[in-house]
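A short write-up of the structure that comes next.
Every number in this text was worked out from the coordinates using simple rules, so none of it is lab data. If you're wondering where the values come from, they're calculated on a predicted model, not measured in any experiment. Every residue, glycine as well, gets a Cβ built from its backbone with ideal geometry; the counts of neighbours run over all protein chains shown.
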Amino acid sequence: EAQVTQNPRYLITVTGKKLTVTCSQNMNHEYMSWYRQDPGLGLRQIYYSMNVEVTDKGDVPEGYKVSRKEKRNFPLILESPSPNQTSLYFCASSRLGDEQYFGPGTRLTVT
Amino acid sequence: GNSVTQMEGPVTLSEEAFLTINCTYTATGYPSLFWYVQYPGEGLQLLLKATKADDKGSNKGFEATYRKETTSFHLEKGSVQVSDSAVYFCALTYSSASKIIFGSGTRLSIRP
């Protein structure tokens, strides 16, 4: 089954404690992306990658890091989380210019 | 720059009512246009798409026509059901693009 998986689905953490949210896709897609969704602000892109070892900033990259060492994986790293990073996070993948496939989301709370 | 504008929600309708959610875009050239749906507690999933002018995308009773002359891609359904309650996002991208542009989303609630 074609899918994008994210882990964990829910995470509560404290300010400053480094965390990683994993994302994996099994469709051999070149393009992968991370979004955050906040009430009233819609979807905002954090980082994207157009292929292995190629990443670039989206609209709200501050406080986040990513890496793309393998085509199927695109982890999101928060080196020092802060409360304003409390949000619902989605990973997505696609062929270039085509429909995006979204993961189920990760709800992060930073206290 | 490129942008997508959707009608603001929430939109509340009774079951079997006719639905229109407006979407207009600003873009150069010929982007592909999409409607995504997000059901409660889930990620977004593609509802329908159109890749060139005058194309009509359709799925699950929903339709949208790519109108280049009015730069619009309005979503319609003839008779909505309670199960259609969700948030709907209009979006555009290009074949060689590095990103997809989303509208702000429209929350739809259907009363039994």
Neighbouring partner chain Cβ atoms per residue of A:92-100, average, 10 Å criterion: 6
Between the range B:74-97 and the range A:64-111, the alpha-carbon center distance in angstrom: 23 Å
If packing is taken as the average count of other Cβ atoms within 10 Å, what order do A:14-21, A:63-70 fall into, highest mean first? A:63-70, A:14-21
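If you take every DSSP beta bridge fully contained in chain B, what fraction is antiparallel? Give it as a percent rounded to 5. Walk me through the numbers on the way to the answer.
Details: 33 of 37 bridges.
If I count the DSSP bridges inside chain B, around 90 percent turn out antiparallel.
Beyond a 25 Å Cα-Cα separation, which of these cross-linked pairs lie in this structure: A:LYS57/B:LYS56; B:LYS56/B:LYS77; A:LYS17/A:LYS71? Walk me through the numbers on the way to the answer.
Details: A:LYS57/B:LYS56 33 Å; B:LYS56/B:LYS77 13 Å; A:LYS17/A:LYS71 27 Å.
With Cα atoms farther than 25 Å apart: A:LYS57/B:LYS56; A:LYS17/A:LYS71.
Subtract the Cα-Cα distance of A:SER80 and A:ARG44 from 0.36 nm times their separation in residues, and report this length gain in nm to one decimal. Working shown, then result.
Values: separation 36, 0.36 × 36 = 12.96 nm, distance 2.00 nm.
Result for the pair: 11.0 nm of gain on full extension.
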Enter the Cα centre distance for the pair the range A:1-15 and the range B:1-61, rounded to the nearest angstrom. 27 Å
Note the full-extension length gain between B:LYS60 and B:TYR39 as 0.36 nm times their separation in residues minus their Cα-Cα distance, in nm to one decimal. 6.1 nm
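Which of the three applies to chain A, rounded, prolate or oblate, going by the alpha-carbon gyration tensor with a ≥ b ≥ c and a/c under 1.5 meaning rounded? Walk me through the numbers on the way to the answer.
Values: a/c = 1.66, a/b = 1.60, b/c = 1.04.
It comes out prolate by the Cα gyration axes.
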Could you calculate the contour length gain from A:LEU19 to A:ASP56, that is, 0.36 nm times the residue separation minus the distance between their Cα atoms, to one decimal place in nm? 11.3 nm
Report the residues of the range A:9-24 in range of a label on A:THR109: point 7 Å along Cα→C-beta, backbone N strictly under 17 Å from it. A:9-17
Could you rank the peptides A:74-82, B:47-55 by their average count of other C-beta atoms within 10 Å per residue, with the highest value first? A:74-82, B:47-55
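With a cut-off of at most 16 other beta carbons within 10 Å, and DSSP calling the residue loop, which GluC sites (Glu not before Pro) in the range B:3-112 qualify? Please list them.
On the way: sites: B:GLU8, B:GLU15, B:GLU16, B:GLU42, B:GLU63, B:GLU69, B:GLU76; in loops: B:GLU8, B:GLU15, B:GLU16, B:GLU42, B:GLU69.
Listed in order of number, the matching sites are B:GLU8, B:GLU15, B:GLU16, B:GLU42, B:GLU69.
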